[in-house]
Amino acid sequence: MHRDAQSLVSVIIPIYNVEKFLDQCLASVLNQTYRNLEVLCINDGSTDSSPEIIRRFAAADPRVRLIDKENGGYGMACNRGLAESRGEWISIIEPDDWIDPGMYGDMLAFAASFDETIDIVKCPWTDIVDWDDPKKQDEVRCTLDGVYPTSTAPAPLTAMPRLIEMHPSIWSAIYRRGFLEEKGIKFIEYPGSGWADNPFLVEAFCQADTIVYLDKPYYNYRCDLRGSTWNHKTEDLIARPFDRWMTMTKIMRRIGVADRGVWEAHYMRGFNYVRGAITDDGADNPVVRKKTRELFDMMDDDLVLSMVSLNKGRKKFYFEVKGEACPKLKLTGERMRYLMSEGMHVLHLYGVYGLALRVFRRIRRIGFSEVDVAQKRYR
């Protein structure tokens, strides 16, 4: 709808003890070329100087609102922002990240270029790695970049299922507030950070009728530092990715998701979470073993077998964990076309060197991914 180019955007920033990054984040929002914003800073019980930083920005710019609340976690803070918002569009920004100046102007102009009412505008983002060392900090194109071309018409998730396969990245999108309210989409209020973005992702994208994808990154995301997620201290932290995936599965069943491609993308997220847990906490960790079985028990054997995105090692691992015999697996033409497509995508993202490095690593693993190598330690 053409009036989208002038719409008010409610920017929700859930904030808890981020004094080190908050200046950069708020400055990047307020320096947008698009000016019609309200910036809702939800102070979730910070004990550092974050509230003072917000007050300083609010004193200088009336678009900034400080909303104080007792600490309740990421999901509760985002819900408070949704309740307080007045804009036609919702944006969620994490306070340790920053955005490029043209983000809102370009996304709104893109939405306005369509005659249909748009539910979600989605973009890729830039991964900021090694950000704790200025000499090593680097900008890396995210894995979503280039997966789909910029939309020429709005479509549901069934046309772009990999939007839920990658990182949840709910912050590299804007959402029509009326759509969220109509569908009753809110955050589950887990304590702490809680991975509350995962259920919100599937709630929003699976129920949207009109998604448009703009293949240009504006959002700069500080990635977890290498090793920072290893050896979690509690069972809850180890189990969290598994539990969130299972919650998403229940949501998708509840709202009646039937498309095979969407389910394949969701399954791929599940396999990647298993791989991450094995990397972080070890294949022999009893929580990892227990939760891997629970997660795989929620999957459909036939769908796993048919997924061209899964290599033989991952499929064998799946059946081994479930205690079932794995059917004979063949290299199909469809699998070869998928590998060629993925190779071209890696070439697009990282160039010849990046593609060569990926192939070398795959050869060293004899075709298996990290999760497949780790399966040997389950025996």
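Observations on the model:
- In degrees, nearest ten, helix 333-364 long axis to first principal axis of the chain (Cα): 70
- Above-threshold pairs, the threshold being 25 Å between Cα atoms, out of 186/250; 290/315; 233/290; 122/290: 122/290
- A full extension of the chain between residue 284 and residue 259 corresponds to an added length of 5.5 nm, given 0.36 nm per residue minus the alpha carbon distance.
- Here is the size of region 2-224 from its Cα atoms: Rg then Dmax, 16.5, 47 Å.
- Antiparallel DSSP beta bridges within the chain, percent to nearest 5: 35
- In the chain, the longest principal axis of the Cα atoms and the axis of helix 286-297 are about 90 degrees apart.
- Per-residue Cβ neighbour rank within 10 angstrom, fewest leading, 294, 182: 182, 294
- Packing-based exposure ordering (other Cβ within 10 Å, fewest first) of 233, 186, 20: 233, 20, 186
- Crossing angle, helix 312-322 versus the chain [Cα axis fit, 0-90 degrees, rounded to tens]: 90
- Placing pseudo-labels 7 Å out from each Cα toward the beta carbon at residue 332 and residue 96 gives an inter-label distance of 4.1 nm.
- Residue 308/residue 237 FRET efficiency (R0 56 Å; Cβ-Cβ; nearest 0.05): 0.95
- Applying a DSSP loop filter and a limit of 14 other Cβ atoms within 10 Å to the GluC sites (Glu not before Pro) in region 11-99 leaves 70.
- Relative pair counts by distance (%), Cα atoms of the chain, 20 Å bins: 26, 59, 15, 0
- Distance distribution note for region 100-251: the fraction of Cα pairs above 21 angstrom is 51%.
- Cα-projected label distance for residue 340 with residue 140, points at 7 Å along beta-carbon direction, nm: 2.8
- Largest GNM mean-square fluctuation among 129, 121, 29, using the chain with Cα springs under 10 Å: 129.
- Modelled spin-label separation between residue 49 and residue 24, with each label point placed 7 Å from Cα along the Cα-to-Cβ direction: 1.6 nm.
- Magnitude of the charge dipole for the chain, about its Cα centre and with charges confined to Cβ atoms of Lys, Arg (+1) and Asp, Glu (-1), is about 1580 debye.
- Order of 15, 92, 251 under a 10 Å beta carbon neighbour criterion, fewest first: 251, 92, 15
No lab work stands behind these numbers, since they all come straight from the coordinates. These figures come from a predicted structure and were not determined experimentally. Don't worry about glycine lacking a Cβ; one is built from the backbone with ideal geometry, like all the others, and counts go over all protein chains shown.
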